[in-house]
């Protein structure tokens with residue numbers, strides 16, 4: 001049974017876009033979903049708190065949360081109470097002690113990778129929730145620490161491993177040479193666009209590196225053409241909800257067929273955490289951290305392209 005420390009797991013505040021006055025959202029978070037997937041939860045205890053708890057619809061065997069830390073200790077204690085976590089820590093570093101691995105949840109800052117540096121340096125296997133960073137340079141710095149230390153590490157969007165995406169990947173030979181794909185989702189380009197882009201990487205697995213991006217959209221209405229070294233183009237569409245209710249969708253177009261997919265997102269956090277537990281059990285790295293750096297680089301290049309009204313190379317944002 002793997003003992004896990006849960007970091008930044010109890011609250012969420014959307015400050016990634018500079019919204020410092022964003023409302024604090026307790027326990028209806030990625031961290032709560034991850035924690036309840038490992039530990040379950042006490043429904044009667046949850047009802048005592050003035051908050052809606054994020055609850056996973058299934059359980060993951062082989063691991064259990066034994067420590068938790070969050071900047072808002074009150075809500076760390078609440079999640080610990082509801083999920084039977086024996087220790088609430090005073091610091092994120094303390095949460096890395098005496099455990100087999102740590103899970104760092106998306107806390108709304110876009111900077112949760114800062115919490116990954118200590119466990120990586122200490123050799124504690126680490127999951128860092130999406131996005132790995134808000135810039136390619138920072139993502140690359142974290143990846144460099146991963147490689148320098150050799151510590152097992154994973155970062156990914158939850159959409160990457162849903163069964164529909166993996167099934168589409170397995171069916172790619174049916175479509176011949178796929179020359180074009182499109183993906184779509186809502187909200188901000190880097191922070192949420194990672195979900196749409198990760199559907200592409202879940203299907204194509206980084207079979208060819210990204211070369212450049214050009215964004216022909218408008219502010220809050222991103223339409224990014226991503227070109228890959230093998231000549232394939234991806235049209236990545238990410239729009240704020242006031243302009244379009246998008247959902248999540250991926251389309252592939254090949255020389256011998258095409259497919260449109262709206263993936264079933266039930267239990268998506270379960271599939272994500274199962275992949276992390278597999279890393280702990282087998283050492284199998286999925287996805288490689290360098291691929292997540294490319295994901296962030298593509299998103300940043302698309303954002304910069306709109307700002308500067310030009311095509312931006314992936315190499316530029318990594319310089």
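The values are calculated or read from the model by the stated rules, or taken from the named source; none is laboratory data. Keep in mind that what you see is a predicted model, and the values were worked out from it rather than measured. Ideal geometry is used to build each Cβ from the backbone, glycine not excepted, and the neighbour counts take in all protein chains shown.
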**OP:** From (1) touching a residue at least 40 places away in the same chain (Cβ under 8 Å); (2) closer than 23 Å to residue 157 by Cβ, pick out the condition that doesn't hold for residue 40.
**Re:** (2)
**OP:** Answer with yes or no whether residue 296 is in contact with a helix residue (DSSP H, G or I) (Cβ under 7 Å, 6 or more places away or on another chain), under 30 Å from residue 34 (Cβ atoms) and either outside any helix (DSSP H, G or I) or modelled with pLDDT under 95 (or both).
**Re:** no
**OP:** Restricting attention to segment 63-80, report how many residues are closer than 19 Å to residue 267 by Cα and over 22 Å from the mean Cα position of the chain (by Cα).
**Re:** 0
